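Engineer: Okay, here's the structure, questions in a sec.
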Amino acid sequence: MSAVAKFRFAFLLELAIDAREDAARLMQASQANWLSAQGKLEQVDQYRVEYRARLLGSGQGGMSIIQWRDFQLFLAKLDDVALSQQLEIERLASVYEARRDAWLECEKKVKAFEALKQRHLSAEMQKELRNEQRINDEFNTRQRPR
């Protein structure tokens, strides 16, 4: 029986797998950053709601113009923070999408090399089967009395 020939692109397959794993780690990190930023925005939004409710409650009980102005300035700052956080979420979402696309490209390469490897193994198996058949045929030919 003959030895199975080595898959010619094994090294490239290993490189593609490593690249896919690196891309997956980057994608996961960017997703975590994106989700964290969304959580921060939710916290800011919740704080804005609570602060507005406090403003309304304090306004009904009476407050000075200076207190009113301070409330308004602080709410404006919270609005600015929320807007900045929303922009950061959009930026992080695009980073995540780019890294997901990069991972998908790596996944395609790995699948292509795996398909080549499978074809190679199938071809080698066919060669092995033909070789065994040839050996059996030769053996049977020698066994026949003449």
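The values are calculated or read from the model by the stated rules, or taken from the named source; none is laboratory data. Not measured: the values here are computed from a predicted model. Here the Cβ positions follow ideal geometry from the backbone for every residue, glycine too, while neighbour counts run over all protein chains shown.
Engineer: Every residue in the stretch 40-84 that is among the small types (Gly, Ala, Ser) and surrounded by fewer than 12 Cβ atoms within 10 Å (Cβ to Cβ), please.
Structural biologist: Ala53, Gly57, Gly61, Gly62, Ser64, Ala76
Engineer: Now a separate question. Within 30 Å of Lys6 (Cβ to Cβ) and hydroxyl-bearing (Ser, Thr, Tyr), is that true of Ser36?
Structural biologist: No: the conditions fail for Ser36.
Engineer: Does the stretch 138-145 contain at least one residue that is surrounded by 11 or more Cβ atoms within 10 Å (Cβ to Cβ) and not small (Gly, Ala, Ser)?
Structural biologist: Within the stretch 138-145 (the criterion being surrounded by 11 or more Cβ atoms within 10 Å (Cβ to Cβ) and not small (Gly, Ala, Ser)), the answer is no, since none of the residues qualifies.
Engineer: Something else about it: Only one residue in Trp103, Trp68 is touching a residue at least 40 places away in the same chain (Cβ under 8 Å) and in a helix (DSSP H, G or I). Which one?
Structural biologist: Exactly one residue qualifies, and that residue is Trp103.
Engineer: Let me ask something else. Polar (S, T, N, Q) and over 30 Å from Ala5 (Cα atoms), is that true of Ser94?
Structural biologist: yes
Engineer: Another one. Report, by residue number, each residue of the stretch 1-52 that is under 30 Å from Leu129 (Cβ atoms), in a helix (DSSP H, G or I) and in contact (Cβ under 8 Å) with a residue 24 or more places away in the chain.
Structural biologist: Once the filter is applied, which keeps residues that are under 30 Å from Leu129 (Cβ atoms), in a helix (DSSP H, G or I) and in contact (Cβ under 8 Å) with a residue 24 or more places away in the chain, the stretch 1-52 yields Ala10, Leu12, Leu13, Ala16, Ile17.
Engineer: Against the condition hydrophobic (A, V, I, L, M, F, W, C) and without any contact (Cβ under 8 Å) to a residue 12 or more places away in the chain, how does Leu56 come out, does it pass?
Structural biologist: Yes; evaluated as a whole, the condition is true for this residue.
Engineer: Specify which of the listed residues (Gln28, Gln46) is closer than 30 Å to Ala112 by Cβ, at pLDDT 95 or above and out of contact with any strand residue (DSSP E or B) (no Cβ under 8 Å at 6 or more places or on another chain).
Structural biologist: Gln28
Engineer: Quick check on my filter: what residues within the stretch 97-124 are of a type in the set (A, V, I, L, M) and farther than 21 Å from Ala23 by Cα?
Structural biologist: Selection gives Leu116, Leu121, Ala123.
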